[in-house]
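Below is one structure, written out as structure tokens; comments come after it.
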């Protein structure tokens, strides 16, 4: 539980998110047109709302699987030590794979996950991220599709949490501590 009082200022509305997901789905459908099955790999836990909305917009044969990696715990800063907490259930060798991430921040977690998945020999693998914080990047990594570029703010909502809270907000909001004057 967060020990400091905070409020959440809306940054990206639910309506804006829904519109952007439609655009992303259209681009992804075009890219993977003709695939016999696209394996959509959601990075838990932050991507679960995004992946649910995104796959409903894809008019493709889709299989959904999840991988959970952590480098944050309950902290606001990445520890840069990536741990795989839940691995995929299915095989991706020779398959088309779309990795869905909630936010690309330092890039450590996504880089680690992509190296792990590349070692399993997918036919094609791309990344779609809801949010991108390029000013925080420490690893040279980029998502092919990005929903929104945001400044270096700690955000919550739409599946993204702060110490396991606020995932259920329908929008993306910035955490502002009320004891910071």
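Quick one: grab the alpha carbon gyration tensor of the chain, order the square roots of its eigenvalues as a ≥ b ≥ c, and give me rounded if a/c is under 1.5, else prolate or oblate depending on whether a/b is larger than b/c. Here the chain falls in the prolate category.
The value of relative contact order for the chain, using C-alpha pairs under 8 Å at least six residues apart, is 28 percent.
Annotation for residue 31 and residue 59: the two label points, set 7 Å from Cα along the Cα-Cβ direction, are 2.0 nm apart. Helix-only arithmetic for the chain: the sum of -39500 (n - 2.57) across DSSP H runs with n ≥ 4, divided by the residue total, places the mean residue ellipticity at 222 nm at -7000 deg cm²/dmol. Peptides 53-60, 41-48 ordered by packing proxy, namely the average of other Cβ atoms within 10 Å per residue, highest first: 41-48, 53-60.
Listed peptides 168-176, 105-113 appear in the order 105-113, 168-176 once ranked by packing, highest mean of other Cβ atoms within 10 Å at the front. When each of the peptides 7-20, 119-132 is scored by the mean number of other C-beta atoms lying within 10 Å of its residues, the order from highest to lowest reads 119-132, 7-20.
Any read-out appearing in this document is the output of simple, stated calculations on the displayed coordinates, not a laboratory observation. Just so it is clear, the structure is predicted and the values come from calculations on it, not from any experiment. Cβ atoms come from the backbone with ideal geometry, glycine included; neighbour counts cover every protein chain shown.
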